[in-house]
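A.B. asks: One structure is given below, represented as structure tokens, and several questions about it will come after.
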Amino acid sequence: MIEVKPFEPHDLGEIEVQAQQAAEMAGMGDWQDLGDTLVAAGPCWTVRHGGRVIGCGGLGVMWRGRAEAWCFVARDVPKTLWPALHRTVERTIAATARELGLRRIEASCAYGWPPGRRWLRLLGFQEECVARCYAPDGADFWKFARVAA
């Protein structure tokens with residue numbers, strides 16, 4: 001069973017992320033030490049299965065009505081668990097957006113990483129552009145947004 005729990009900064013240290021996610025974080029230093037910064041930015045949560053952390057995510061509030069979504073997923077989430085994980089993330093984002101009165105949620109993923117691009121689309125995000133030299137290491141990213149009607 002999948003559970004959504006309040007995020008604790010040490011939760012990031014409990015997951016091994018997808019290789020592409022690790023590549024995205026190039027130039028960020030030790031990303032697993034970002035927990036306190038993420039908590040300060042806005043609401044965040046941890047998804048567990050059988051007591052094990054399989055993902056962490058949240059919304060960094062930029063200003064009233066706008067936030068940036070972030071998510072790290074364990075590299076070995078079984079394919080059979082993805083539908084439940086997807087529904088959980090989708091519901092949690094929607095509930096948090098309603099709570100905060102968000103009109104716009106932005107997200108990004110590394111350019112050339114189709115699984116990330118596909119998942120963002122399935123979560124209701126629409127592709128807006130390719131942001132050139134977006135990452136700390138100069139890598140390009142796809143930029144997405146989910147805008148309230």
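A.B. asks: Looking only at residues that are in a loop (DSSP other than H, G, I, E, B) and at pLDDT 95 or above in region 102-122, which one is most open to solvent (accessible area, probe 1.4 Å)?
C.D. replies: Only one residue fits best here, namely 103.
A.B. asks: What are the residues in region 67-87 that are open to solvent by less than 40 Å² (accessible area, probe 1.4 Å), touching a strand residue (DSSP E or B) at 6+ places or on another chain (Cβ under 9 Å) and either assigned to a helix (DSSP H, G or I) or of a type in the set (Ser, Thr, Tyr) (or both), if any?
C.D. replies: Those that are open to solvent by less than 40 Å² (accessible area, probe 1.4 Å), touching a strand residue (DSSP E or B) at 6+ places or on another chain (Cβ under 9 Å) and either assigned to a helix (DSSP H, G or I) or of a type in the set (Ser, Thr, Tyr) (or both): 81, 84, 85.
The values are calculated or read from the model by the stated rules, or taken from the named source; none is laboratory data. As the structure is a prediction and not an experimental result, all values here were calculated from the model. Note that each Cβ is placed from the backbone with ideal geometry, even for glycine, and that neighbours are counted across all protein chains shown. Side chains are part of the model used for accessible areas, which takes the heavy atoms of the whole protein and leaves out ligands, DNA and RNA. Shrake-Rupley method; radii C 1.70, N 1.55, O 1.52, S 1.80 Å.
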